[in-house]
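Some notes on the structure that comes next.
The values are calculated or read from the model by the stated rules, or taken from the named source; none is laboratory data. What you see is a predicted model, and the numbers here were worked out from it, not measured in a lab. Positions of Cβ are generated from backbone atoms using ideal geometry, with glycine treated the same way; all protein chains shown enter the neighbour counts.
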Amino acid sequence: MYCLQWLIPVLLIPKHWLHPLFLMEQALFMWFYVIGFFMERRPCHICSAIFFIALGLLCYTDTDSCIFWPTCDKKLNGEVCSYVYRNEIEGKRHSP
């Protein structure tokens, strides 16, 4: 289980709140990190299974928050992702 200490933080990294174009760069960086980790460290089968099951569950429950998929539902002519729009823009409307 020593090898999981380098994989679990990958699951906790949030998606960018900036322009949707940056999602591709972040997804590529995460894929290269995971592939490089598996090539260099060669984690055991149990740790690999735990990581991919957790990744699958996180990405299955909410595809907009999964950092490995560089997509999001866009608002305002592709300038903002819908999860940013929900949290920031609609949150300002409801504040006093």
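Out of segment 77-88, which residues are more than 18 Å from residue 30 (Cβ to Cβ) and in a strand (DSSP E or B)? Spell out how you get there, then give the answer.
Let us first name the residues in segment 77-88 that are more than 18 Å from residue 30 (Cβ to Cβ), namely 77-80, 82, 84-88.
Within segment 77-88, just 80 meets the criteria.
How about segment 58-76: which of its residues are in contact with a Ser or Thr (Cβ under 9 Å, 6 or more places away or on another chain) and under 16 Å from residue 30 (Cα atoms)?
Just the residues of segment 58-76 that are in contact with a Ser or Thr (Cβ under 9 Å, 6 or more places away or on another chain), to begin with: 58-59, 63-64, 69, 71-75.
58, 59, 63, 64, 69, 71 - these are the residues of segment 58-76 that are in contact with a Ser or Thr (Cβ under 9 Å, 6 or more places away or on another chain) and under 16 Å from residue 30 (Cα atoms).
Does residue 88 fit the bill of being modelled with pLDDT of 75 or more and exposed (fewer than 12 other Cβ atoms within 10 Å of the Cβ)? Give the steps one after another, and end with the answer.
Working: modelled with pLDDT of 75 or more: no; exposed (fewer than 12 other Cβ atoms within 10 Å of the Cβ): yes.
In short, no.
Just checking, which of 2, 33 is modelled with pLDDT under 80 and farther than 27 Å from residue 85 by Cβ?
Numbers: 33 fails: modelled with pLDDT under 80.
Of the residues listed, the single one that is modelled with pLDDT under 80 and farther than 27 Å from residue 85 by Cβ is 2.
Does at least one position in segment 17-28 carry a residue that is touching a helix residue (DSSP H, G or I) at 6+ places or on another chain (Cβ under 9 Å) and more than 17 Å from residue 74 (Cβ to Cβ)?
no
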